[in-house]
Every structure is written in structure tokens, then in C-alpha cells.
1. From I26, I49, grab the single residue that is outside any helix (DSSP H, G or I) and hydrophobic (A, V, I, L, M, F, W, C).
2. If you check L40, L11, which single one turns out to be at pLDDT below 85, out of contact with any Lys or Arg (no Cβ under 9 Å at 6 or more places or on another chain) and of a type outside the set (S, T, N, Q)?
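The values are calculated or read from the model by the stated rules, or taken from the named source; none is laboratory data. Nothing here was measured: the structure is a model prediction, and the numbers come from that model. Ideal geometry is used to build each Cβ from the backbone, glycine not excepted, and the neighbour counts take in all protein chains shown.
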Amino acid sequence: MRDVINSMLDLTQKQSEAWTKRHNEIMTEIHATHEEIRDLIILQKEHRIDIMALFQSQKNLRERVDNLENEKS
């Protein structure tokens, strides 16, 4: 019975370590994303660039290219 309990405790510990590692990875990704957003906001303020307009124009361009490719098919 002790062996079963010890193996369950070991498994729980390993699972906890895996979750902690994944949590830390996710938090690192979130912080990196926040940095990117902060940089874009600073860029927008400094250069008066409408970031959303840039994204929208890129999206429109991709849609036009896709439409042209579909028409060729």
C-alpha cells in the first residue's frame, strides 16, 4: 500500500512540475506579447501611424491576392 501511495505522490509531484513549467512558458509568451503591443503603441504615438489601418490594408491585400488566385483556378 505504501508503494502505491508513494507512486501516486511521485506522479502528482511530476504533474505539478509539468504544469508549473507550462505555466511559466505561457507567462513568458504573454510578457513577450505585451512587449510587442507596447512597442506598437509607442510606434503609433511617436510616428502617428495608425497600426490598425496597416493591419487592415495587409488583410485587404491578402484577400485581393487570394481572389485573384481563385479566379485563375
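1. Checking each option against the conditions leaves just I49.
2. Values: L11 fails: at pLDDT below 85.
Only one candidate passes the filter, namely L40.
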